């Protein structure tokens, strides 16, 4: 099969579905393209970033026709952070997307197809994660920071106000980084691989009554 797209070229595509990480899926002459941030039903102008024998990756240049489910993300670091991928989509639509993902998976190899029930949503889909793992490292000024890895990289995005993590985890993370700075404790250096602290892990138990904190080297 001849690949119908080229790297660094622009194309106009219709988004026919969303993948398991929320990425938009388009096809040109049967060839699959994954586009981060696109939503099923949209028409987008995209730039091809990477081409393989079976599929390509693209990024949105312009949304020509928006989905009614698209919304502005409430997170200042959402586009850079790798912690979540659906905050630009209305919550009820994400529940339907998750139902469809499970439906496709369970019926992939079954002769007798099953119907997956609707996803049960939360009253308030905020601060629901009870476990966090934050990398500790150095920023461009060689100062200790704690946060979340940027998408597909080891660049650390500093924590500001995460809407999915338990707020206690952020309070502890900020206290830890203050202690590290005040006591000149060495943290992981990506360039030299020298390390003392590399990762901070947090787990909330018993509805905020107790918390476990672990460090790794």
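We did not get these values from a lab; they are worked out from the coordinates using the rules stated. Keep in mind it's a predicted model, so treat the numbers as computed, not measured. Cβ: placed from backbone, ideal geometry, glycine included. Neighbour counts: every protein chain shown.
Comparing mean-square fluctuations of 63, 120, 35 from a GNM of the chain with C-alpha springs under 10 Å, the top value falls on 120. Would you give the gap between the C-alpha center of the range 93-136 and the C-alpha center of the range 140-167, rounded to a whole Å? Answer, in whole Å: 25.
Averaging over all projection directions, the Cα-based convex hull of the range 10-65 occupies 3.4 nm² in the image plane.
Against the set (1) 24, 18, 17; (2) 33, 20, 17; (3) 36, 24, 16, the structure's computed semi-axes √(5λ) of the Cα gyration tensor in Å falls on (3).
In this simple spin-label approximation, residue 91 and residue 14 carry label points 7 Å from Cα along the Cα→Cβ vector, and these lie 3.2 nm apart. Between residue 54 and residue 153, the simple spin-label model (points 7 angstrom out along Cα→Cβ) gives 2.8 nm. Ranked by the mean number of other Cβ atoms within 10 Å of their residues, highest first, the peptides 121-127, 144-150 fall in the order 144-150, 121-127. What does the C-alpha gyration tensor say about the overall shape of the range 1-121? Classify as rounded when a/c is under 1.5, otherwise prolate if a/b is larger than b/c, or oblate. Oblate, since a/c reaches 1.5 and b/c is not below a/b. Can you compute the FRET efficiency between residue 128 and residue 27 using 1/(1 + (r/R0)^6), with r the Cβ-Cβ distance and R0 = 35 Å? Round to the nearest 0.05. That gives a FRET efficiency of 0.55. Between residue 181 and residue 106, the distance separating the two model label sites (each 7 Å from Cα on the Cα→Cβ line) works out to 4.9 nm. When peptides 103-109, 40-46 are sorted by average Cβ neighbour count within 10 Å, with the highest value leading, the order is 40-46, 103-109.
Here the relative contact order of the chain, from alpha carbon pairs under 8 Å that lie six or more residues apart, stands at 12 percent. Extension gain for the segment residue 139 to residue 113, taken as residue separation times 0.36 nm less the Cα-Cα distance, is 4.3 nm to one decimal. As a rough footprinting exposure proxy, the listed residues 186, 57 were ranked by other beta carbons within 10 Å of their own, and the order from fewest upward is 186, 57. Estimated from helices alone, the mean residue ellipticity of the chain at 222 nm is -5000 deg cm²/dmol (sum of -39500 (n - 2.57) over DSSP H runs with n ≥ 4, per residue). The angle separating the long axis of helix 91-106 from the principal Cα axis of greatest extent in the chain is about 70 degrees. Between 0 and 90 degrees, the angle of helix 167-182 with respect to the longest Cα principal axis of the chain falls at about 50 degrees. Considering only alpha-carbon pairs that sit under 8 angstrom and 6 or more positions apart, the relative contact order computed for the range 10-65 is 32 percent.
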